[in-house]
Amino acid sequence: MIDETLRISTPSGQQVLGRITGNEDGDQIIVFSHGFGVKSDSRGMFNLLVDVIKEKHLTVRFHYVVVDDLTQETIASSYTEQAEKLQTVVERVRQRFGNKEIVLIAHSQGCFISSMALVQGLANVAWHVLLAPPPTENVSERTKAKFKSRKGAILNEAGRSIYPRTDGSKTIILPSYWKDAENIHPLELYRDAFPLVHTTVIWGTQDTTIQQENFARIQELHPSELYQLPNGHEFMEDKLKGVIDILSKKIL
């Protein structure tokens, strides 16, 4: 069993910080892809999953964001940079621990980052699990709408945009994010990624972050499996029991 810091650089020079935890003798590496502006634990959800998985498999959590040690503000990378981080993390853990099967577990916005990486050529992934994948057509417009509806948010595409989080923290968005977001279309990414690997979509029927009528748009793309659970966006109401029951069919 190991529990250690992951600290690597991508080919473009981005610093990636994370955590490797679990059984290095297991036959799978579970890599987590978190949502918009949050840290590697995805507001605690991924920590709970790691606690369940780590006895059998190796797990990897890492930040897409840059975290300010002093203020704990998160700075959002562009989507191209986030996909590069995921690609690099998978390559490095494979180099170190051997060519084990990779399982991607993604949440919210992390779902189209993992899908992007698959479309770009991330190979030998055995299972792709998507928790509450957003069916957004235009990421830039959707994010701007979130800013306009959030009290205290500052939208500045030419400088620092500031998005206050419900936990009191802030997410900072730089101009490179907005430029990149114009060209990101999640439904197209899902359509192209789903045929590449066995894909399981898990949807919370009490999700208020993603409107329920959008569920049909995901169904139309025909993932390998699709489940509905009586949960909200974070799936925490039952301490992830429903999600864990689904994961137990393949990795637990």
Answer yes or no as to whether THR21 is in a strand (DSSP E or B), of a type outside the set (Lys, Arg), crowded, with 19+ Cβ neighbours inside 10 Å and in contact with an Asp or Glu (Cβ under 7 Å, 6 or more places away or on another chain). yes
Filter the range 182-231 for residues that are among the small types (Gly, Ala, Ser) and either more than 19 Å from HIS128 (Cα to Cα) or surrounded by 15 or more Cβ atoms within 10 Å (Cβ to Cβ) (or both); the one that is farthest from the chain's Cα centre (by Cα) is ALA216
Scan the range 173-204 residue by residue and report those that are among the β-branched types (Val, Ile, Thr) and at pLDDT 95 or above. VAL197, THR199, THR200, VAL201, ILE202
Please count how many residues of the range 1-37 are within 18 Å of the chain's Cα centre (by Cα) and free of Cβ contacts under 8 Å to residues at least 60 places away in the same chain. 4
Which condition breaks for SER33 when tested against (1) farther than 25 Å from VAL119 by Cβ; (2) among the hydroxyl-bearing types (Ser, Thr, Tyr); (3) touching a strand residue (DSSP E or B) at 6+ places or on another chain (Cβ under 6 Å)? (1)
Would you be able to tell me the number of residues in the range 1-18 that are within 10 Å of PHE62 (Cα to Cα), of a type outside the set (Lys, Arg) and surrounded by 10 or more Cβ atoms within 10 Å (Cβ to Cβ)? 4
Restricting attention to the range 89-111, which residues are of a type in the set (S, T, N, Q) and in contact (Cβ under 8 Å) with a residue 12 or more places away in the chain? ASN99, SER108, GLN109
When both residues are 6+ apart or on different chains and their Cβ atoms are under 7 Å apart, which pairs have a first residue that lies in the range 161-174 and is free of Cβ contacts under 8 Å to residues at least 12 places away in the same chain, and a second that is not polar (S, T, N, Q) and not in a loop (DSSP other than H, G, I, E, B)? ILE162/ILE154; ILE162/LYS170; ILE162/ILE172
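The values are calculated or read from the model by the stated rules, or taken from the named source; none is laboratory data. Note that the structure is a prediction, hence the values are computed from the model and not measured. A quick note on method: Cβ atoms are made from the backbone with ideal geometry, for glycine too, and the neighbour counts reach across all protein chains shown.
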